[in-house]
């Protein structure tokens, strides 16, 4: 289905133009094609422009929302600690809307620090970058990371900070990502 098959929107839905980050309202009956459906968001081509549609609006595309990563009732488990591997796994469900590779393998996550909070719970501080400093999608990617990491048991706060120091380059990609993009 996600091989540029044309889909007619079933209702108006909010989207964000890529790479500017400009919010737009896509009108019911507009024809789009899905170019990427990863991590609970959809990159669509509409009239030659790319736009990102959030999972909550999947029904406008005639699809069911994934919602499995949505924070629901907060879960506290075991000794109250956070499984760091689970945090990294959640970040691996976040994708650059133009590149079908998760942000961890792209090398966009510079640091992830988990700190217990005195009155219970844990704060996760994440330092990340973008592939290009002028990309308007930064706030949307950061929010995607924040909401998905917030779903991890025992996480009560998530802070995602964007930085461009050091600037990202292709050498920061995992070997698997380099192979997938043909940059190896």
Exercise for the section: Starting from residues that are buried (at least 16 other Cβ atoms within 10 Å of the Cβ) and free of Cβ contacts under 8 Å to residues at least 60 places away in the same chain, keep the ones in region 140-161 and report whichever is farthest from the chain's Cα centre (by Cα). Expected result: 158
Problem - Selected residue (only one of 103, 114, 126 is modelled with pLDDT of 95 or more, surrounded by 14 or more Cβ atoms within 10 Å (Cβ to Cβ), under 17 Å from the mean Cα position of the chain (by Cα) and farther than 20 Å from residue 42 by Cα) - result: 126
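How many residues are assigned to a loop (DSSP other than H, G, I, E, B), under 30 Å from residue 80 (Cα atoms) and either out of contact with any helix residue (DSSP H, G or I) (no Cβ under 9 Å at 6 or more places or on another chain) or free of Cβ contacts under 8 Å to residues at least 40 places away in the same chain (or both) when one looks only at region 101-139?
Just the residues of region 101-139 that are assigned to a loop (DSSP other than H, G, I, E, B), to begin with: 101, 103-108, 117-121, 129-137.
Then keep just the ones that are under 30 Å from residue 80 (Cα atoms); that gives 103-105, 107-108, 117-121, 129.
Adding the requirement that they be either out of contact with any helix residue (DSSP H, G or I) (no Cβ under 9 Å at 6 or more places or on another chain) or free of Cβ contacts under 8 Å to residues at least 40 places away in the same chain (or both) leaves 117-121, 129.
Final tally of qualifying residues: 6.
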Practice task
Test residue 28 against the criterion of being part of a loop (DSSP other than H, G, I, E, B) and modelled with pLDDT under 95, and give yes or no.
Solution key: no
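The values are calculated or read from the model by the stated rules, or taken from the named source; none is laboratory data. All of these numbers come straight from a predicted model, not from anything done at the bench. Note that we place each Cβ from the backbone using ideal geometry, even for glycine, and neighbour counts take in every protein chain shown.
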